[in-house]
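Student: Let me begin by handing over the structure; questions about it come next.
Every number here is computed from the coordinates shown, using simple stated rules; none is lab data. All values derive from a computational prediction rather than experimental measurement. Cβ placement follows ideal geometry from the backbone for every residue including glycine, while neighbour counts extend to all protein chains displayed.
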Ligand SMILES: NC(=O)c1ccc[n+]([C@@H]2O[C@H](COP(=O)([O-])OP(=O)(O)OC[C@H]3O[C@@H](n4cnc5c(N)ncnc54)[C@H](OP(=O)(O)O)[C@@H]3O)[C@@H](O)[C@H]2O)c1
């Protein structure tokens, strides 16, 4: 029986979940894998705090050195969160030759180059399945199962809170503020929801996913990010009537030497597999050159699903004689052979508030046409008696900058764009 001595950095929701899962699975892991895992020390801020798991008091410490400098501890499991001091602790552990398993997307996304340099120096492994999409084995899939493919596109619903809010808006017709307040009352959104609703969380995850998908470092700071704060119930309702579902998407596409990597709300056709991902679930849709389309789906957060990914990484790491390191340059910036595309192509949903008089549609169509944006469909309702009316236009694929220039060229006295949403996932 192989014996592993581990230390925890952090013991909140995820740490307690990992502790409970290890107690529950210890016999099974010993039987299946020939592995006995002992947790020797647990770093927390407050040793006396009441915890969700029943853990012997003597394991807790507030001194990180008790784990990082202990030669008996060969694996550090980190779920304390945040960039610092977590990143420094992880680098210290790796430099000392320990293996690291982390659930911390922020530390991995922001400290990628430091972490991999430390892992290469120390010879330990760096595993982070739990950091992206909880229980969904997307990291392992990208690293181990797609070597026979070039990943051409990846689109993910990687944040459960925003997916819950958008699903509720679509199902109930309620406004964003009302649904957010309800999600906060239910504990499904943080009291300060910015990390989720402004797209930061999804951007950390996309930095990690796109780096693995494109075998090149895609730094967090290079990714275009928009949140869901400006979404109106009216646009969600129009989109639903037109056969689209609104999602916060993490998108990464590659076209030879250019990539576009972005997080923003987008409409997907109802027939697309991502449209059926509701509530707090996550999914990652991948298009591989050989595999074609595939989708991974499951619980992207929560104590038990995330703990399952941590324990899986721990067992996997324990069985490696040589830890894998993704085979590309682990630099701080985007590599020179890749260009970040900021003028991507997609179709658009446009909702205008326009004067209710002849010639208005012609004005809009002309400005769009002058900027190479062609119209696929026009919807106009509730026109009688009102001075200004909504006009909804769906476009064919167009360049982002052309579309923005066309909207700027409109006469605001005639028509103003009130809702602009990108459409992704059209075949
Ligand atoms: N929650 C999820 O569903 C989920 C899913 C996937 C990934 N993750 C990631 O998992 C990580 C942990 O999440 P969580 O929900 O478990 O967080 P949490 O409940 O806030 O737990 C954080 C733990 O870290 C300890 N800690 C924080 N800063 C510390 C410091 N400076 N020194 C010592 N101990 C410190 C805290 O100690 P005290 O208990 O003494 O305060 C606490 O035990 C995060 O990176 C998160 O992004 C979470």
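Student: Considering Cα pairs under 8 angstrom that are at least six residues apart, work out the relative contact order of segment 236-389 and quote it in whole percent.
Tutor: Result for segment 236-389 is 16 percent.
Student: Using the beta-carbon distance between residue 48 and residue 5 and R0 = 35 Å, what value does 1/(1 + (r/R0)^6) give for FRET efficiency, to the nearest 0.05?
Tutor: With a Förster radius of 35 Å, E is 0.90.
Student: What is the packing order of peptides 259-266, 239-246, taking the mean over residues of other C-beta atoms within 10 Å and listing the highest first?
Tutor: Peptide ranking by packing, descending: 259-266, 239-246.
Student: How large, in Å, is segment 2-131 by the Kirkwood hydrodynamic radius built from its alpha-carbon pairs?
Tutor: That comes to 14.8 Å for segment 2-131.
Student: If packing is taken as the average count of other Cβ atoms within 10 Å, what order do 411-418, 2-9 fall into, highest mean first?
Tutor: Answer by packing, highest mean first, reads 2-9, 411-418.
Student: Give me P(r) over segment 176-223, computed from all C-alpha to C-alpha distances, binned every 10 Å, as integer percentages.
Tutor: Going from the shortest bin to the longest, the percentages are 26, 36, 23, 15, 1.
Student: For segment 101-169, what is the Kirkwood estimate of the hydrodynamic radius, computed as the reciprocal of the mean inverse distance between distinct Cα atoms, to one decimal in Å?
Tutor: Radius from the Kirkwood sum: 14.1 Å.
Student: Can you give the three extents of the C-alpha atoms in segment 139-299 along their principal axes, from longest to shortest, in whole Å?
Tutor: 45, 32, 26
Student: More than 18 Å apart: what percent of Cα pairs in segment 332-427 qualify?
Tutor: Pairs farther apart than 18 Å: 47 percent.
Student: In Å, what is the Rg of the alpha-carbon atoms in segment 169-248, and how long is Dmax?
Tutor: 15.2, 42
Student: Do you know the relative contact order of the chain, to the nearest whole percent, from alpha carbon pairs under 8 angstrom that are 6+ apart?
Tutor: About 16 percent, as a whole number.
Student: Which percent of Cα pairs goes in each bin when the distances of the chain are cut into 10 angstrom slices starting at zero?
Tutor: Per 10 Å bin, starting at 0, the Cα pair percentages come out as 4, 20, 28, 23, 13, 7, 4, 1, 0.
Student: Working out 0.36 nm times the residue gap between residue 420 and residue 319, then minus their Cα-Cα distance, what length gain in nm do you get to one decimal?
Tutor: That works out to 31.3 nm of additional length.
Student: So how compact is segment 249-301: Cα radius of gyration and Dmax in angstrom?
Tutor: 12.3, 36
Student: Right, another one. Peptides 299-312, 195-208: what's the order by average Cβ count within 10 Å, highest mean first?
Tutor: Going from most to least packed, we get 195-208, 299-312.
Student: To continue, here is another question. Running Debye on segment 208-356 with equal point scatterers at the Cα sites and no solvent, what base-10 log of I(q)/I(0) appears at q = 0.11, 0.13, 0.21 Å⁻¹?
Tutor: Once normalised to I(0) and log-transformed, intensities are -0.59, -0.81, -1.48.
Student: Using r as the Cβ-Cβ distance of residue 28 and residue 404, and R0 as 60 Å, what FRET efficiency do you calculate, to the nearest 0.05?
Tutor: With a Förster radius of 60 Å, E is 0.60.
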